[in-house]
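The values are calculated or read from the model by the stated rules, or taken from the named source; none is laboratory data. The model shown is predicted, which means the values in this text are computed figures rather than measured ones. All Cβ positions, glycine included, derive from the backbone under ideal geometry; neighbour counts span all protein chains shown.
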Amino acid sequence: MEYLNVCIVFIWFFLGLVKAKSVDHTGTQFIVAFFRDLDLTKLDAIIVTASVEDVNNTMEITHNEIKMSYELKPGYAEQISFKKEFKHMKIPFPVFQIETTHPVSMTAFVDGPVSAASYLVFPKDIAGTEFRMIPYCNTSDSGLCVCSIVTLQKNTMVHITNDNHGNISVHTPKHAVAERIINYMSLPQSKIHFNIEEAYGLASLESFDDFTGLQLQTNYPVLVYCGGTKHAATMSMEQIPPVAYFGKFFYTFPIAYNAMSPSKLRFVSHYNCTSIETLSSKFVLNGGEYREIATNKVIASQLKSDKPIAIMQIFSGAKPNDRYHQNQEGLLYLPPIDSYVSSVNIPRRKKTDESMTILAMFVGLITRVCYSFQSFSGSIHNPRTMLSNGIITEKDDDGLLIRLSRDCDCKNCRNGHTFGGYLLRRNNIGNEDSFSSIGFTFTSEENDTLKYLSESCRKKHDETHEVTPAPEEQTSYIDEPSTIPITKPRDQGTTSQSILSKDDLQVPTSSQSHGDIDSRSNPTSISVGTTVSQCAECSCHQETKPKYTVTTEKDLDEKIREIKEELTIKKADLSSYRRMKTSADDSRVSAKGIGFVGVIILCSVASFIFVMDFPTLAHQTVVLWRNTFGRSVRAVRGCLRGEP
C-alpha cells in the first residue's frame with residue numbers, strides 16, 4: 001500500500017511538471033533575428049544585454065562563420081552595434097546565435113533616420129511548432145506586413161494554412177543570391193508546405209495584406225518574429241511566442257496619453273468559439289480570426305477569455321499635437337497575468353557620441369513596484385522609490401541598470417508578488433519610438449489543449465450586442481474604447497480542429513453580413529452589431545425537367561457524343577494558345593530602341609548580301625531566261641516544221 005501511495009504521488013508530480021512548463025525571459029542561449037535584407041548602410045541593428053547574476057560573464061555572437069566575443073560586467077549593460085561590427089554590410093538573412101556563460105536578459109533594436117523598433121529577445125527554449133502570425137502594417141500607406149521564421153534544426157518542414165489571409169509571398173535562403181526571387185506563394189483558401197534545409201535559416205513571409213491569424217506549423221521547433229516595414233525601414237517588430245504560451249487573463253498596459261501614439265488592442269484567437277470579454281463589450285472569435293478595439297485608457301483594465309488567446313497592444317498614428325505621424329508605429333505583445341515577473345533588471349543604453357540627443361525611456365507598470373538604480377555589488381545610486389502602477393520616465397543613456405521588484409508589504413496589489421510592464425524608448429534622433437516588454441515568465445499548457453477544441457460557433461442567426469460609451473470631443477481624453485471593435489472574419493478555424501459544421505460553409509452575400517457597425521460616422525451611446533448570414537434560398541430541391549432523356553443504348557451514345565461536342569473547345573480559341581503565339585507588347589523606350597536597332601542591323605545585313613551578289617544574280621537570271629526561252633522557241637519551231 002505504501003508503494004502504491006508513493007507511485008500515485010510520483011505520478012501526480014510528474015503530470016504537474018508536464019502540464020505546466022515554466023521558464024522566464026533570461027537564459028544563456030538566444031537567437032536574434034531581423035527582417036530580410038538588413039541594410040546596415042542605412043539602419044543600425046543593436047542588442048543591449050545585462051547579466052542577471054553578480055558574476056563576470058562572457059558572451060559569444062556567431063553569424064555564418066564570423067564569431068565575436070565580449071565580456072559582461074555585473075551591474076552594467078553591454079551595447080553592441082552590428083553596423084559597427086559588420087562594417088556597413090547588407091545582410092540578406094540576418095540571424096545571430098548568441099551564447100553566454102551565465103544567464104542574461106537581452107533586447108534587440110533596429111534604429112534608422114525615420115524608424116525605430118525593438119523587442120525583448122526570448123531564450124531559445126521558447127521555440128515551438130505551432131504559431132499564429134501577428135504582424136502589423138499600415139496597408140493604406142504602402143506598409144508591408146512581415147513575419148520571419150528561424151529554424152533551429154536542419155530540414156525543418158513548414159506548413160502554412162491560409163484560410164482567408166490574403167496573398168503572401170515566401171522568401172527562403174534557397175535563393176540568397178537572387179534576393180528578389182519569391183520561392184513560394186500562399187493564396188487564400190490554400191495550404192502550402194516547404195522545407196528549410198539549413199539550421200538557423202530564415203524564411204520571410206511578406207504581404208501587403210494583414211495576415212494576422214495565419215496558422216503556421218512545423219515538424220521541428222522554430223522561432224517567429226513579426227512586425228511591419230515601410231520603404232525598407234523596420235517600423236515595428238516583436239517576437240511571437242508559440243500557441244502553447246497563450247493566456248486567458250490579461251491587464252492592458254497603462255499609457256502616457258500625451259507622449260504616445262493612439263493605442264488599440266488586437267485580439268487573436270487560436271481555438272474556435274472563443275468568448276472574449278472587455279470592460280465594455282463581449283464577443284466571440286473562431287480560430288484564425290482577430291478583432292481590434294481602439295482604447296486610450298491610461299490605467300490598466302482587465303481582459304479575459306474562456307480559451308487561450310494572444311493580445312497585441314498596437315500604437316499607430318499621430319500623437320496629440322504632433323503632425324509627424326507617418327512612421328509612428330509600435331507593436332507590443334501583452335503578457336497574460338500568469339506570465340508576470342517578480343523582479344527584473346532593465347539595461348539602459350549608452351550614448352555613443354556626446355553630441356547625441358539625451359535618450360529618454362518610459363516604463364509602464366501594472367501593479368505597484370519599487371525600483372532603484374542598483375548594481376549587483378550593492379551600491380545604490382538613488383534611494384529606493386515606491387511606485388503605484390503607472391508611467392515612470394528616466395534617462396536611457398548611461399549604461400546602468402534599473403532593478404524593479406515587487407513590494408512584498410503591499411496589501412492592495414494584484415496578482416501576489418508579480419507585475420507586468422513595458423518600455424518605450426526614443427531612438428537616437430529622438431523623434432521615433434520603440435516598444436518592448438520588460439520581462440516574461442512563460443507557462444505552457446501544451447498538453448492540456450484538448451478541452452479547448454470545438455466546432456465553429458458562427459451560427460446562422462447569432463447576434464452580438466455590444467455597449468460602447470459615447471465618445472467625447474476628439475480633442476479631449478477618452479477613457480473607454482472610442483469605436484466599435486473591427487472584426488476581420490475568417491472562413492475556417494484552426495487546422496487542429498478538423499470537424500467542420502454546415503455553418504462553416506455559409507458565404508455572406510453583403511459586406512454587412514458579419515455586421516460590425518462603425519460608430520465613428522454617427523456616434524451614439526449604444527451600438528449594436530448583428531451577425532446574420534444572408535444566404536439566398538437554395539433552389540437545389542426544386543423539380544426541373546432533365547435536359548437529357550435516355551431510353552436506349554443508341555440514345556445514350558448519341559447524348560454522350562452531343563455532350564462531348566458541347567464540352568469540346570478548339571485549341572485556337574483558348575486565350576493561353578493565343579498568348580503563346582503573340583508576343584507581349586513592351587512600351588518601354590529602351591525596349592523600342594533596342595528593337596529598332598535590331599531591325600536596322602538585320603535589314604543592313606540582308607541588303608549587303610543582296611548588293612554584293614547582285615551581278616552574279618543578274619547574270620544567272622539572264623542565263624536561266626535564255627536557256628528556258630531558247631529551248632521553248634526551238635521546240636515550237638521544230639513542231640511547226642514537222643521535225644521530230
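For the stretch 264-275, how many residues are crowded, with 23+ Cβ neighbours inside 10 Å and either part of a strand (DSSP E or B) or among the aromatic types (F, W, Y) (or both)?
Residues in the stretch 264-275 being crowded, with 23+ Cβ neighbours inside 10 Å and either part of a strand (DSSP E or B) or among the aromatic types (F, W, Y) (or both): 7 in total.
Can you tell me which of (1) of a type in the set (G, A, S); (2) within 22 Å of the chain's Cα centre (by Cα); (3) at pLDDT 90 or above is the one G112 doesn't meet?
Checking G112 against (1) of a type in the set (G, A, S); (2) within 22 Å of the chain's Cα centre (by Cα); (3) at pLDDT 90 or above, the one that fails is (3).
As an exercise: evaluate C137 against (1) under 15 Å from the mean Cα position of the chain (by Cα); (2) not in a loop (DSSP other than H, G, I, E, B) and give the number of the one condition it does not meet.
(2)
In the stretch 60-94, what count of residues is obtained for those that are under 24 Å from L423 (Cα atoms) and of a type outside the set (D, E, K, R)?
Counting residues in the stretch 60-94 that are under 24 Å from L423 (Cα atoms) and of a type outside the set (D, E, K, R) gives 9.
Output yes when any residue across the stretch 56-71 is surrounded by fewer than 15 Cβ atoms within 10 Å (Cβ to Cβ), at pLDDT below 85 and of a type in the set (D, E, K, R), and no when none is.
Looking for residues that are surrounded by fewer than 15 Cβ atoms within 10 Å (Cβ to Cβ), at pLDDT below 85 and of a type in the set (D, E, K, R), one finds at least one in the stretch 56-71, hence yes.
How many of the residues making up the stretch 230-259 are at pLDDT below 90 and touching a strand residue (DSSP E or B) at 6+ places or on another chain (Cβ under 6 Å)?
Residues flagged as at pLDDT below 90 and touching a strand residue (DSSP E or B) at 6+ places or on another chain (Cβ under 6 Å) within the stretch 230-259 amount to 9.
Of all residues being part of a loop (DSSP other than H, G, I, E, B) and among the acidic types (D, E) in the stretch 558-590, which is surrounded by the fewest Cβ atoms within 10 Å (Cβ to Cβ)? Just the residue, please.
My answer is D585.
Filter the stretch 219-268 down to the residues that are of a type in the set (S, T, Y) and under 15 Å from the mean Cα position of the chain (by Cα), then identify the one that is farthest from E292 (Cα to Cα).
Only one residue tops the list, namely T234.
State whether the residues of the stretch 176-192 include one that is of a type in the set (S, T, Y), in contact with a helix residue (DSSP H, G or I) (Cβ under 8 Å, 6 or more places away or on another chain) and crowded, with 16+ Cβ neighbours inside 10 Å.
no
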